[in-house]
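The values are calculated or read from the model by the stated rules, or taken from the named source; none is laboratory data. Here the structure is a predicted model, which means the values were calculated and not measured. Virtual Cβ from ideal backbone geometry, glycine too; neighbours counted across all protein chains shown.
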Amino acid sequence: MNLENLIKQLEDLGSKSSKLEPNELERNELIDTVKNFANNFINSLKEAKGYSPKDAGVLAIDGSKRDFLELLAQYQENVVETGIIAASGKHVGYIPGGGIFVSAIADFLAAVTNPYASVYYANPGAATIENEVVNWLKTLFSFPDTAVGSLSSGGSTSTLIAFTAARDHYKIKNELVPKSVVYMSEQVHHSTQKALRIIGLEDVIIRYIPLDDFHRMKADELDKQIKGDVQQGLNPFLIVASAGTTDTGAIDPLDLIADIAQKHQLWFHVDAAYGGFFILTSKKGLFKGIERADSLIVDPHKGMFLPYGTGAVLIKNKSAALHSNYYEANYMQDATNESLVKSSANISPELTKHFRGLRVWLPLQIHGIEPFIACSEEKLVLTQYFRQRLIDLGFKVGPEPDLSVSYFWYPFESDEEAKNRRLMDEIHKDGEVFLSSSIIKGRFVIRMAILSFRTKKETIDRAVSMIESCLAKVK
Ligand SMILES: *Cc1c(COP(=O)(O)O)cnc(C)c1O
């Protein structure tokens with residue numbers, strides 16, 4: 001092959017591949033189109049339903065070119081208008097989503113500039129932004145400066161990282177696995193059991209500790225269980241407490257559990273994925289003891305109202321965190337001179353990843369902390385407001401929750417369960433506001449979870465009217 005031939009090929013390929021770099025005019029067109037789409041979407045949320053149970057159409061890729069406007073119409077029909085509208089304040093089921101706008105802008109900036117954020121040497125600035133987010137979280141939960149942490153895709157991944165550190169610190173492997181014991185509440189999030197399976201601890205013994213009337217773990221029962229297990233020759237090593245349970249919004253007695261963990265020298269993990277940011281509110285006192293945890297997870301994509309895709313993990317024991325995640329590789333040799341914990345790749349299974357620190361950092365800098373605190377406090381008050389409105393309609397409600405998740409049911413004179421199930425179906429059929437259901441202490445209940453930054457008094461008023469008309473259909 002001669003040089004001339006190569007040059008000709010490159011001209012041809014270069015002209016085709018340059019389509020991947022739209023010119024400024026084309027870029028402006030794309031941005032304007034998306035800008036209009038985003039504005040229409042946000043403006044429509046108030047009137048749009050919270051739930052639209054229909055299937056998606058065909059969205060397959062066939063390799064041919066398509067028109068952007070056409071694709072956006074398809075996106076609207078198939079994505080924006082199907083299922084639970086998670087960006088809507090009318091999502092009051094499961095754990096609601098967020099989607100604050102400045103985070104979306106940060107994602108755009110991060111994607112356009114595309115810095116390599118997980119290795120300090122590769123982009124000191126991006127790594128520093130990620131580290132400052134972790135530092136801010138350490139301050140929030142009164143963790144020492146020496147603790148390490150990283151931003152993850154969400155709570156499930158954060159749990160994997162934390163449990164792996166606990167496992168490695170206590171060297172839980174081989175014949176020790178089936179003798180090792182993990183303690184948790186029955187109300188623990190299922191990502192806890194899932195994480196144990198994924199990290200090779202499927203065969204550990206799990207002890208579910210009984211709960212009090214407010215769905216909080218009974219610390220004395222925990223202590224008793226651990227003592228009994230030690231007497232039996234078992235190997236207790238990990239306690240999982242929740243700072244905000246998914247189903248009941250309860251905070252386990254963290255300080256008492258920390259005492260017990262300390263006494264028996266166990267790893268104390270706190271799952272604050274949903275509830276963690278309420279530490280900024282009037283509920284701060286309930287979090288006492290969280291600063292004593294060995295590891296903690298918290299989800300900015302829940303309690304900071306960010307779009308999906310950002311969790312965080314903090315771990316006090318640096319060498320335990322590095323044990324599984326730090327690996328020296330030849331092709332990374334330029335990177336190893338820097339302090340290990342400045343690079344999130346050493347505290348996480350992820351190497352190349354989205355620069356997610358910016359979507360946390362930028363909103364905190366632009367808005368300041370105050371609106372975040374007010375928004376969390378607002379969710380707590382809305383929960384009380386919703387419960388009172390339901391009581392006034394004759395509903396029974398669960399115990400006063402620690403945070404913003406609660407549940408209710410109607411005390412029908414006959415067929416209580418079947419009729420509450422029908423009520424749930426009617427609410428889903430209506431779809432104005434989305435609520436979910438659960439089974440708590442054997443009873444079918446309808447569950448409310450208030451966490452969207454877009455959920456306001458007006459949303460709850462609409463929910464109450466909807467529930468009232470659905471109830472009339474079942475009665
Ligand atoms: C949501 C949640 C998780 C799991 O987090 P993801 O971000 O969904 O992976 C874990 N624990 C609790 C208490 C949660 O609410």
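Residue under question is S88, and the condition is that it be within 27 Å of S52 (Cα to Cα), within 16 Å of the ligand (Cβ to nearest atom) and in contact with a Lys or Arg (Cβ under 7 Å, 6 or more places away or on another chain); does it hold?
Numbers: within 27 Å of S52 (Cα to Cα): yes; within 16 Å of the ligand (Cβ to nearest atom): no; in contact with a Lys or Arg (Cβ under 7 Å, 6 or more places away or on another chain): yes.
Criteria not met by S88.
Show the residue pairs that are 6+ apart or on different chains and have beta-carbon atoms under 8 Å apart, the first residue being within segment 105-121 and on the phi < 0 side of the Ramachandran plot, the second being in a loop (DSSP other than H, G, I, E, B) and hydroxyl-bearing (S, T, Y).
Between residues of segment 105-121 that are on the phi < 0 side of the Ramachandran plot and residues that are in a loop (DSSP other than H, G, I, E, B) and hydroxyl-bearing (S, T, Y), the close pairs are Y116/T352; S118/S343; S118/S348; S118/T352; V119/S343; Y120/S339; Y120/S343; Y121/S343.
Would you be able to say whether some residue in segment 210-233 is over 22 Å from F278 (Cβ atoms), within 16 Å of the ligand (Cβ to nearest atom) and either more than 21 Å from the chain's Cα centre (by Cα) or among the charged types (D, E, K, R) (or both)?
no
What do you reckon, is I129 out of contact with any His (no Cβ under 7 Å at 6 or more places or on another chain), assigned to a helix (DSSP H, G or I) and not basic (K, R)? Full working, then the answer.
On the way: out of contact with any His (no Cβ under 7 Å at 6 or more places or on another chain): yes; assigned to a helix (DSSP H, G or I): yes; not basic (K, R): yes.
Against the criterion (out of contact with any His (no Cβ under 7 Å at 6 or more places or on another chain), assigned to a helix (DSSP H, G or I) and not basic (K, R)), I129 qualifies.
Of the conditions (1) assigned to a loop (DSSP other than H, G, I, E, B); (2) surrounded by 18 or more Cβ atoms within 10 Å (Cβ to Cβ), P144 clears all except one; give me its number.
(2)
Inside segment 460-475, can you point out the residues that are under 18 Å from E416 (Cα atoms), in a helix (DSSP H, G or I) and among the basic types (K, R)?
Answer for segment 460-475, where residues must be under 18 Å from E416 (Cα atoms), in a helix (DSSP H, G or I) and among the basic types (K, R): just K473.
List the pairs whose first member sits in segment 205-220 and is at positive phi and not assigned by TED's automatic domain parsing to the domain that holds D402, whose second member is among the polar types (S, T, N, Q) and crowded, with 17+ Cβ neighbours inside 10 Å, and whose Cβ atoms are under 9 Å apart, counting only residues at least 6 apart or on separate chains?
Correct list of pairs: H215/S185; H215/Q187; H215/T245; H215/T248.
Matching residues to (1) more than 16 Å from the ligand (Cβ to nearest atom); (2) out of contact with any strand residue (DSSP E or B) (no Cβ under 9 Å at 6 or more places or on another chain):
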position: V270; (1), (2): no, no
position: L286; (1), (2): no, no
position: G289; (1), (2): yes, no
position: L306; (1), (2): no, yes
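Being within 16 Å of the ligand (Cβ to nearest atom) and under 17 Å from P236 (Cα atoms) is true for just one of F163, F141. Which residue is that?
Numbers: F141 fails: under 17 Å from P236 (Cα atoms).
Sole residue among the options that is within 16 Å of the ligand (Cβ to nearest atom) and under 17 Å from P236 (Cα atoms): F163.
Within the set of pairs 6 or more residues apart or between chains, which connect a residue that is within 23 Å of R167 (Cβ to Cβ) inside segment 265-292 to a residue that is within 12 Å of the ligand (Cβ to nearest atom) and of a type in the set (D, E) with Cβ atoms less than 6 Å apart?
Listed by first residue and then by second, the contacts come to A273/D299.
Okay, residues lined up against (1) in contact (Cβ under 8 Å) with a residue 24 or more places away in the chain; (2) in contact with a helix residue (DSSP H, G or I) (Cβ under 8 Å, 6 or more places away or on another chain); (3) in the same structural domain as T248 (by TED's automatic domain parsing):
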residue: S343; (1), (2), (3): yes, yes, yes
residue: P349; (1), (2), (3): yes, yes, yes
residue: G357; (1), (2), (3): yes, yes, yes
residue: I391; (1), (2), (3): no, no, no
residue: P399; (1), (2), (3): yes, no, no
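Considering only segment 112-125, I want to know if a residue exists there that is assigned by TED's automatic domain parsing to the domain that holds L266, more than 16 Å from the chain's Cα centre (by Cα) and within 16 Å of the ligand (Cβ to nearest atom). If you could, list the steps in order and put the result at the bottom.
Initial filter on segment 112-125 (assigned by TED's automatic domain parsing to the domain that holds L266): 112-125.
If we keep only those that are more than 16 Å from the chain's Cα centre (by Cα) too, we end up with 112-125.
Of the ones still in play, those that are also within 16 Å of the ligand (Cβ to nearest atom) are none.
So far as segment 112-125 goes, no, none of its residues is assigned by TED's automatic domain parsing to the domain that holds L266, more than 16 Å from the chain's Cα centre (by Cα) and within 16 Å of the ligand (Cβ to nearest atom).
Out of everything in segment 324-360 that is over 25 Å from the mean Cα position of the chain (by Cα) and part of a helix (DSSP H, G or I), what residue ends up being modelled with the lowest pLDDT?
Step by step, filter segment 324-360, then rank; the result is A335.
Suppose we keep only residues that are within 17 Å of the chain's Cα centre (by Cα) and closer than 14 Å to S242 by Cβ within segment 166-194. Which one would you say is farthest from the ligand (Cβ to nearest atom)?
Here is the first cut: in segment 166-194, the residues within 17 Å of the chain's Cα centre (by Cα) are 187-194.
Applying the additional criterion that residues be closer than 14 Å to S242 by Cβ yields 187-193.
Numbers: Q187: 9, V188: 8, H189: 3, H190: 8, S191: 4, T192: 7, Q193: 11 Å.
In this case the residue turns out to be Q193.
Can you say whether K8 is among the charged types (D, E, K, R), outside any loop (DSSP other than H, G, I, E, B), farther than 30 Å from G244 by Cα and under 29 Å from the mean Cα position of the chain (by Cα), as far as the supplied structure shows?
Working: among the charged types (D, E, K, R): yes; outside any loop (DSSP other than H, G, I, E, B): yes; farther than 30 Å from G244 by Cα: yes; under 29 Å from the mean Cα position of the chain (by Cα): no.
Here the answer is no, as K8 does not meet what is asked.
I'd like to verify a number: residues in segment 16-56 that are closer than 30 Å to G93 by Cα and loosely packed, with under 10 Cβ neighbours inside 10 Å, how many?
Keep residues of segment 16-56 that are closer than 30 Å to G93 by Cα, which gives 34-56.
Checking which are loosely packed, with under 10 Cβ neighbours inside 10 Å leaves us with 47, 55.
Within segment 16-56, residues that are closer than 30 Å to G93 by Cα and loosely packed, with under 10 Cβ neighbours inside 10 Å number 2.
Restricting the first residue to segment 374-388 and requiring it to be in the same structural domain as R447 (by TED's automatic domain parsing) and over 12 Å from S282 (Cβ atoms), which pairs with a second residue that is part of a helix (DSSP H, G or I) and not hydrophobic (A, V, I, L, M, F, W, C) meet a Cβ separation below 7 Å and a spacing of at least six or different chains?
L382/K457; Y385/K457
Determine which member of the set K90, K65 is charged (D, E, K, R) and closer than 30 Å to Y274 by Cβ. Break it down into steps so the answer makes sense when it comes.
Details: K65 fails: closer than 30 Å to Y274 by Cβ.
K90 is the lone residue from the list that is charged (D, E, K, R) and closer than 30 Å to Y274 by Cβ.
Hey, does segment 253-266 have a residue that's acidic (D, E) and within 16 Å of the ligand (Cβ to nearest atom)?
So in segment 253-266, the residues acidic (D, E) come out as 255, 259.
So of that shortlist, the ones also within 16 Å of the ligand (Cβ to nearest atom) come out as none.
Scanning segment 253-266, I find no residue that is acidic (D, E) and within 16 Å of the ligand (Cβ to nearest atom), so the answer is no.
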